[in-house]
Every structure is written in structure tokens, then in C-alpha cells.
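The values are calculated or read from the model by the stated rules, or taken from the named source; none is laboratory data. Everything numeric here is computed off the predicted structure, so don't read it as measured data. Cβ: placed from backbone, ideal geometry, glycine included. Neighbour counts: every protein chain shown.
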């Protein structure tokens, strides 16, 4: 009789046997078999030729951590067999996992494939019942060769133990690349022995911003800081240890050394690398940034010592990281200093460059050539495409990481450059993943799990001959608002699991309800691994439609199976006896709807609430003289009168706006009637290039031809959402016109200086 360790039972998921794969990512093929395999202390592990002892030891350790069972090397029949056979498994990184009552066999195309088979087995073991695993055969291989996840350690530094845990989790879900963002304005995090001041000074900042960068103190309209010196760096010995650890788990570590922008920390240590002032004097003084954003002080592109410094840095980086790729940043580099720096202007003249954009291309190309001479290839953010001409193009091996959308990736592939898709709109995990107000502080916007999962990396308008240059997809985690490992895990998990499935699973196999089912099966394992993931994915979401009769229809949805939604409209918190939501709610008066998900009369998750404002303009025709633009073009003009105000998470579809253009909106109330109030909101977030209008005017008319002004406002003092409510003596009107004058060009010294300002307004109310 076999004896099972008691500890083993505590680690296994006490659920029903599953007839479908519980794996993330979803495999290419999963076939259920007859019977089941029982894992206990008498089961051993065997290995075939080509499987190293180091790999076997790693597999033993992982399975022991997962199950509590030590699998000794054995020749017994009841065993887990590990083999490599590239003839039977033809796809790189592919594997076959066979589970029968007699034993388990994992066959890999290569060691990476064998490793991924072990990861699938580990997940299945975490879902087993009473030590038994259903018989099955899994055939699997990845869709993309590059499956990446990024982590910024400049804004907040993470301990070595967390970095290793992070790598373990990435590997568990078959992500094979860790993009390590090591330098930025707020801190330099890699030891470079040739330049000791990087460790002594650039690795530290004087203090750190408190709260969000959009928040200003009531006194003095300034940001708040903690007054505490912050910083540190990874020694070269620690980096070698991390690289070795990752390599064992088939994770490639790609370092990022930012240039030519995001260089304040480096300049604080070596100020001679900055630009000359307009009067020809040295730039500076510099200090590592204590605030989040983009800064005008960058590496001087006209100074040869800049390139000598960076080449010296890269020499040591190359010796530490065996990865083919070295990431050099290349993003968000203001040209302000270059325009007034005598050295930069001399470089432009000497190299026959057209302007500062071509100077950046020269900079990138020069670093690209240097790394190519070292046998490495460059990766850069999509700005590295800017300003390139016949003599400034990137080397053939250069790869573009498309983050500002998909356009950069498309352009790169059309130019026959490899591309990696990581669009901010879908896979940036510093964005909020829930609209609930209780969510912890995040950078901005709204990117729920469902939106991440819906992302398809291959653009629809690419030719088949061009898509071969798409190497894969990556999730990105900027750490401005991730100040602890726990917060980072909350923001990254489970959204990174969606990226893992996008990158690995075949497109036709992706299905969101199936993904959620499998994610729920993964939860016990995530908890056992002490992952502080966001378990909010089944919370209520909504949609609002507006009716011509002036009412709005609120639809509530939860993805939790067998759940009941209960709601109130009187402002009270729903309880098990509250009204059951059975169909969309029709709201005909201003009110706040609160709702909650219940399962077996127990509330699941947080309470949802939605404020709906009904006015004379609700559901009435709206015309925009200037078409809204980009992500602020509403799905319908009626979004402007649907009863829902915009929030600080500005990409939810409620804000309407344009860049560099005035707003001119006409509302037709359809009948002449008495009105005395018009309202809206203005979003004033300079850190996102969103500026209040110079002037906001409101006009009324009975015939749509002759208008008279009833209100004007020129001051919008709030750094955030400015509520505008115009009140005036009652007047008869059918048409309401709202005009707002765009700020135009963003002033010098502001974020995005020289670019066009965004003008954003939301819900228009008339009473």
C-alpha cells in the first residue's frame, strides 16, 4: 500500500477531476485518457540521454516544492520519465506530456521544451485530487519565439529574492524573456566598475514623490515628497547570479540601459556628459529625479565623451548578459537641450544632419554599430525609427519594441526589421485593472484583464511576408506606483497570465471564458506560491446606453459562474435580500445604482456603484463641428449625453477630445424649452498633455441660427477634473452650443513641450 505525505494533501486543490485542460497557457492539444496516475513517495524520476543532471535536479526541486513529494532518481516502472527527442517533437520549445495509470512521460524537442513540459505537469499537480492526475496526452509548442515581461527597477528597487520569484513565475507560465529596465532618471541600478560614481551617486535620489504626480498640495500648489534618501543597485556578482538563475529556467535576461534620454541619474554622477548651456557654460547641476516624468536634460549627442562613456558601460553590460539583444531605450528624448547646445549643433553641421531628430538617429545608429561589433543586436522603443534616412538606418539585426501603439511595429516590419509588440493601450500593467474607487494607486487609465486577453499581436493589415518579422509580445511593468513586491504582484498578476497565453497559445484556441475557468483553477497554486495577485476579475462590469426618451439603460455583468447580482437604487449597500438583477435597468432620474455579486447568498468582492445624471440633454442629438480624435473619439456622439461623467481613469470612453484643435459641440434639445443651467467637466492633466481651454463659452438659440452667449470661463484652477456648472436666468432655447479654445502648443518646460495639447470634455448637462 502506498503512503502519501500528509503535507502533500494540504497543497493539492480539493476540486473535481477536470475533463479539460486547466493549463495556462492553453496547449495546442489536450486529449483526456482512461484512468489516472497516482503520485506518492514511491514514484521516482528517470532521464534519457541528453537530459543533464542539473536539469533533473531542477525538475526534482520544482516538483517537490509543488507537491511535497521527493522524486528520487530511479529505474522503477512507476516513474516520471524525461526525454529529449527532436525527431518526435519537431517544433522548437515544443513538448509532449503523457499521463497514464502506469506513469508520466515528458518528451521535449529540446531542453526548453522539456522544461515547459515540467511546467505543465506542475500546474496539473497543483489541481490534482487526492494525489491523482487524470490520464491525458498534451501536445504543445509556442506561437511566438519571444514571450516577454518587463520590470522597471529604477523608479523602485526590488530585492534579489523577488527578482528570482518573478523569474520563477514567468517560467511557470512559459514566458522566456525578462526585460530588466536598469537605468532611468530616478536611479541607476547596475554596478559599472569603470565608473564608480554611478554606484556612489547615480544609484540614489534625495527623496521620492508622495502620491500621484497629478496630486498637488493645497498649500503652494506643489507636489509632496517624503524627504528620505532612496536607492541602491545590483552588484555584478548579483547580476551574474540572476542571469545564471534565469538561464537554468530558460528565461533570457535582456538588460535595458536608457539613452539618449532618461539620463538624469547618470548625469548627476558625470555632469560633463550633459549639454552646454546657451551661453556655452557647462550644463547642470544635475540630480537624480525625485519626480516621475520626462526631463529635458539628456546625454549630449555632440560630445564624444558621451559615446566613450556609453561604450564603456556597454562593455561591462555585454560581459554580464549573454543575451543576443541589448535594449538601449531610445524613447522620450526631448530635443530642448540639443537645440541650444553648441556641441550638438556642431555635430549636426559636421555630420550633415537635417535636424535634432536626425541627431537622435545618428546617436542610436552609432550605438547600434558598436553593439553589432560586439556580436550583439539592439532593441529599442519605437522612437528609434524616428528621423532615419538613407544613411541613418538601423542595422538589419535591430529590433523595434512598439509601445505607443502598433504603428511602430508595423513600420518596423515593413522596413524588414524585427518587431516586438508591447502597446501601452493593452499590456502596460501600471494602469488600473478595475474602475472601483478602492483600487490602489496606479499610473492612469484602465486596462482590465479582459482587455489584455483580447489583444491580438499580429496587425490585420500586414502582409503575410511582413508578419514573419513579428517575434512576439511583451507585458510591461513601470514601477512608479509599484513601491513593494506585493504591489508589483498585484498589478502584474493575473494580467501577465493573459500575456502568456497571447504569446504561447494558437490564436484559434484562445477563449476568454475558458481562460477564466482555468485561471480559477490556478488560484490555489498562486496562493500557495504567495503571489499577491488581483482577484478582481469576476467583479461587476457595466455598459450604458442612452435612449431618445431621456432615459439610460444600465447593463451589469459578472463572469463568475452561477452568481446572482443584487442591486439598489436608493444609495444603500446591497444585501442578500436586495432586488435581483434579471435584465438591464432603465434609469429615468438622477440616481446612484449600487450592486454586488452573490454566490450562495455570500457577497463576492466589492460593491459596485454608478452615478447616473439625467438632464434635459440626456439622449438628445449631438453634433461635433470638430471631430474628436484618437482614443477620445467616442463610440457614439450620444456618449456626450449618456448620464455618465468621466473619471480620472481617462481612457474609459467617457472623455471626448481632440489634439491641437478647438471643441465646438451642438446639442439639439428637439423642442424649445426653458433652461437655466449648463454643465460639463474639463480634464486638466498637464502630465498627460491634457490642458484646460483658454476659454470656454456656452451659447443658446431657439432657431439654431442666432445664438447668444450665456456663460464664459477662462480659469480652471484644479490640477485634475474641473467641474463646470453655468447658471443664468431662465431662457427659452432648443439648441445649446459649447465652444472651447484649445491651448494649442504646450509651453516650454512642460511635459510634451512643443507638441499639441489635448482638450478633453465629458458629459454635457442641461437643466
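See the values below:
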read-out	value
Residue check, residue 322 loosely packed, with under 15 Cβ neighbours inside 10 Å, in contact (Cβ under 8 Å) with a residue 40 or more places away in the chain and either at negative phi or not in a helix (DSSP H, G or I) (or both)	yes
In the stretch 614-673, the residues that are over 31 Å from the mean Cα position of the chain (by Cα), in a loop (DSSP other than H, G, I, E, B) and closer than 25 Å to residue 592 by Cα	614, 615, 616, 617, 618, 619, 620, 621
Output for the stretch 582-611, where each listed residue is surrounded by 16 or more Cβ atoms within 10 Å (Cβ to Cβ) and within 30 Å of the chain's Cα centre (by Cα)	594, 595, 596, 597, 604, 605, 606, 607, 608, 609, 610
Among the residues listed as 35, 68, 50, the single one being at pLDDT 90 or above, surrounded by fewer than 19 Cβ atoms within 10 Å (Cβ to Cβ) and closer than 30 Å to residue 516 by Cα	35
Meets criteria (part of a loop (DSSP other than H, G, I, E, B), out of contact with any helix residue (DSSP H, G or I) (no Cβ under 8 Å at 6 or more places or on another chain) and at pLDDT 95 or above) for residue 281	yes
All positions within the stretch 444-455 that are in a loop (DSSP other than H, G, I, E, B) and buried (at least 21 other Cβ atoms within 10 Å of the Cβ)	447
Residue count, the stretch 612-631 (criterion: more than 25 Å from residue 733 (Cα to Cα) and surrounded by 22 or more Cβ atoms within 10 Å (Cβ to Cβ))	1
Residue list for the stretch 442-465, restricted to those being modelled with pLDDT under 95 and out of contact with any strand residue (DSSP E or B) (no Cβ under 9 Å at 6 or more places or on another chain)	460, 461, 463, 464, 465
Wholly enclosed strands (runs of 3 or more DSSP E) of the stretch 333-426 bearing at least 1 residues at negative phi and without any contact (Cβ under 8 Å) to a residue 40 or more places away in the chain	399-402
Some residue of the stretch 582-589 being in contact (Cβ under 8 Å) with a residue 40 or more places away in the chain, in contact with a strand residue (DSSP E or B) (Cβ under 9 Å, 6 or more places away or on another chain) and outside the structural domain of residue 425 (by TED's automatic domain parsing)	yes
Members of the stretch 335-347 that are surrounded by fewer than 20 Cβ atoms within 10 Å (Cβ to Cβ) and at pLDDT 95 or above	339, 340, 342, 343, 345, 346
Some residue of the stretch 734-747 being within 29 Å of residue 292 (Cα to Cα), within 30 Å of the chain's Cα centre (by Cα) and free of Cβ contacts under 8 Å to residues at least 12 places away in the same chain	yes
The one condition in (1) in a strand (DSSP E or B); (2) buried (at least 20 other Cβ atoms within 10 Å of the Cβ) that residue 553 fails to fulfil	(2)
Subset of the stretch 240-268 (residues that are surrounded by 23 or more Cβ atoms within 10 Å (Cβ to Cβ) and assigned to a helix (DSSP H, G or I))	246, 264, 265, 266, 267, 268
Filter pass, residue 514 being surrounded by 21 or more Cβ atoms within 10 Å (Cβ to Cβ) and touching a residue at least 40 places away in the same chain (Cβ under 8 Å)	no
Selection from the stretch 707-727 of residues that are within 14 Å of residue 696 (Cβ to Cβ) and either more than 40 Å from the chain's Cα centre (by Cα) or surrounded by fewer than 15 Cβ atoms within 10 Å (Cβ to Cβ) (or both)	709, 710, 711, 712, 714, 715, 717, 718, 723, 725
Residue check for residue 692: over 27 Å from the mean Cα position of the chain (by Cα), surrounded by 15 or more Cβ atoms within 10 Å (Cβ to Cβ) and closer than 29 Å to residue 430 by Cβ	yes
Selection count, the stretch 696-729, where residues are in contact (Cβ under 8 Å) with a residue 60 or more places away in the chain and in a strand (DSSP E or B)	1
Enumeration of residues in the stretch 90-104 that are out of contact with any strand residue (DSSP E or B) (no Cβ under 6 Å at 6 or more places or on another chain) and within 13 Å of residue 142 (Cα to Cα)	90, 91, 92, 93, 94
Residue match in the stretch 163-170 (condition: crowded, with 24+ Cβ neighbours inside 10 Å, over 20 Å from residue 473 (Cα atoms) and touching a strand residue (DSSP E or B) at 6+ places or on another chain (Cβ under 9 Å))	no
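Listed here are the residues, each with its yes/no results for (1) in contact with a strand residue (DSSP E or B) (Cβ under 7 Å, 6 or more places away or on another chain); (2) farther than 18 Å from residue 498 by Cα; (3) modelled with pLDDT of 95 or more.
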| site | (1), (2), (3) |
| --- | --- |
| 390 | no, yes, no |
| 399 | yes, yes, yes |
| 403 | yes, no, yes |
| 416 | no, yes, no |
| 421 | yes, no, yes |
